[in-house]
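The values are calculated or read from the model by the stated rules, or taken from the named source; none is laboratory data. Keep in mind that what you see is a predicted model, and the values were worked out from it rather than measured. Counting neighbours? That spans all protein chains shown, and the Cβs are built from the backbone with ideal geometry, glycine included.
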Amino acid sequence: MRRLLVLIVGALVSPLAFQGLALAQTRDLSTQGAPLDRIAAVVNNGVVLESEVDDQMKEVTTRLQAQNMTLPPESVLRKQVLDRLILQRIELEQANRDGITISDDTLNSALEDVAKRNNIAFSDLPTVLSQQGIDYASYREQMRQQLTIGLLRQRDVLQRIVVTPREIDQFLAKQADHPATNEEYNVSHILIAVPPNATPAQIVQAQQRANDVYQRASKGEDFGKLAVAYSNSEDALEGGSLGWRQGSELPTFLTSLILGLKPGQVGAPLRTPTGFHIVRLNQVRTQDKKDIVEQIHVRHILLKTNALQDDATVRQRLEQIRQSILKGESFAVAASAASQDPGSASDGGDLGWQSPDVFDPTFSAAVEKLKVGEISEPFKTRYGWHIAQLLGRRSHDDTQEVKRLNAMEAIRASKADEDTELWLQHLRDDAYVKVMTG
């Protein structure tokens, strides 16, 4: 039930709708004279189309220009865009092979969050997007792909990161000794990648390029433009921006380097297994700390669909259980007997006191509407169908527990950057990719 923190290096540029395997075109025009879409790259069993590259070029160019960033030559930018689309296609194919899917309910929840952050009603989202020249159906598909890639990375990278109690203790001790780690840092980053099985000549070539980029950045050349032109990192098309990171959440391998920089300074190339990293510290700010957290106490009953019981059947069964509870049956007894949540059924469905954001967004939204003691109507999340009862709300001074939880998440986040880059390199190396020319 509990949602794991997902931290991905850089923002995912919205990928375009997935196209099925297409046959290579040998002509520019059909027999009717209509232009045919050409293939930019073959990726395993799929393709990246020239139209996808063109659309992404327009999106990236508009965004970078809005940020007053100097653009590299079009050929350089186009290569970066194509590389990103290829990588996204590889990830989506991997997710498809692994059976990772995003339900409509999960997708709608994510879109509701987008609407909420932009202070508009969810029902108005299609109209607002249309006014900006964006097709709502395409936007939904782009969001579904982003969520799919996020789940794939969470499963294959983030969930495999282990944080030990000793690491947490050391982290908290370091925080006490070095208050600066509680500050936030705005950082930009360039990766000059080195293949896993690189030859000595390849390593020397990468190091020379890293030194050249470092020298140019140190002399004041636009760091964002250099990132777009030369970086092999996922954040390249964002000008290398990692955004604001708490000191404790900085990539582990870069922490000492970044903490030693002043705003505006560029660090010398640092070698790691993925390649040579060049970072620029843009800004530093003090972070406001809050130890008082809002918590809810919830219990629930979860039922899942299967080959014999569809959504309608499971929903009806949950409604029957709900009516029995309203007539006096014990919620805890009903949960112990019927709930298919292995983590809470034996506790009568009790999920304990938790911050709302640890739950699935759809679950949290349903519980948020409840009064204390009220039992929800059946509702669906990606885990199945639920009824939930809100047992209480509180503002809780959870200082030590929150500190340890934040420490664990910060350690995971600091490990995630390098682990994600390594994982992406292996995915790319294992894929069949042919970039079309001409």
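Overview of values
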read-out	value
Among the candidates LEU261, LEU318, residue that is under 29 Å from the mean Cα position of the chain (by Cα) and either surrounded by 12 or more Cβ atoms within 10 Å (Cβ to Cβ) or among the aromatic types (Phe, Trp, Tyr) (or both)	LEU261
Hits in the range 235-279 (condition: assigned to a helix (DSSP H, G or I), of a type outside the set (Val, Ile, Thr) and modelled with pLDDT of 85 or more)	ASP235, ALA236, LEU237, GLU238, LEU257
Single residue of GLN323, GLN340 found to be of a type outside the set (A, V, I, L, M) and either out of contact with any strand residue (DSSP E or B) (no Cβ under 8 Å at 6 or more places or on another chain) or in the same structural domain as LEU405 (by TED's automatic domain parsing) (or both)	GLN323
Residues (assigned to a helix (DSSP H, G or I), within 13 Å of ALA388 (Cβ to Cβ) and without any contact (Cβ under 8 Å) to a residue 40 or more places away in the chain) located in the range 312-347	ALA334, ALA335
Residue that is nearest to LEU237 (Cα to Cα) [pool: residues in the range 47-87 that are hydroxyl-bearing (Ser, Thr, Tyr) and over 24 Å from the mean Cα position of the chain (by Cα)]	THR70
Scope the range 104-136; condition under 18 Å from ALA365 (Cα atoms) and over 21 Å from the mean Cα position of the chain (by Cα); matching residues	ASN119, ILE120, ALA121, PHE122, SER123
Looking only at the range 354-395, and only at residues there that are among the polar types (S, T, N, Q) and at pLDDT 95 or above, the one that is nearest to ASP310 (Cα to Cα)	SER376
Some residue of the range 45-64 being of a type in the set (D, E, K, R), part of a loop (DSSP other than H, G, I, E, B) and at pLDDT below 90	no
Residue identified as among the acidic types (Asp, Glu) and either within 25 Å of VAL60 (Cα to Cα) or surrounded by fewer than 21 Cβ atoms within 10 Å (Cβ to Cβ) (or both) among GLU234, GLU249	GLU234
Residue tally, condition of a type in the set (Ser, Thr, Tyr) and within 20 Å of the chain's Cα centre (by Cα), over the range 349-378	2
Which listed residue, of ALA345, ALA413, is small (Gly, Ala, Ser) and at pLDDT 90 or above	ALA345
Residue list for the range 137-177, restricted to those being more than 16 Å from the chain's Cα centre (by Cα) and within 20 Å of LEU422 (Cβ to Cβ)	VAL162, VAL163, GLU167
Selection from the range 351-384 of residues that are assigned to a strand (DSSP E or B) and either in contact with a Phe, Trp or Tyr (Cβ under 6 Å, 6 or more places away or on another chain) or more than 20 Å from GLU112 (Cα to Cα) (or both)	LEU351, GLY352, TRP353, GLN354, ILE375, THR381
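Yes or no, residue by residue, for (1) outside any helix (DSSP H, G or I); (2) among the polar types (S, T, N, Q); (3) free of Cβ contacts under 8 Å to residues at least 40 places away in the same chain; (4) not assigned by TED's automatic domain parsing to the domain that holds ILE258:
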residue	(1), (2), (3), (4)
ILE120	yes, no, yes, yes
GLY133	yes, no, yes, yes
ARG140	no, no, yes, yes
ARG166	no, no, yes, no
LEU191	yes, no, no, no
ALA201	no, no, yes, no
GLN208	no, yes, yes, no
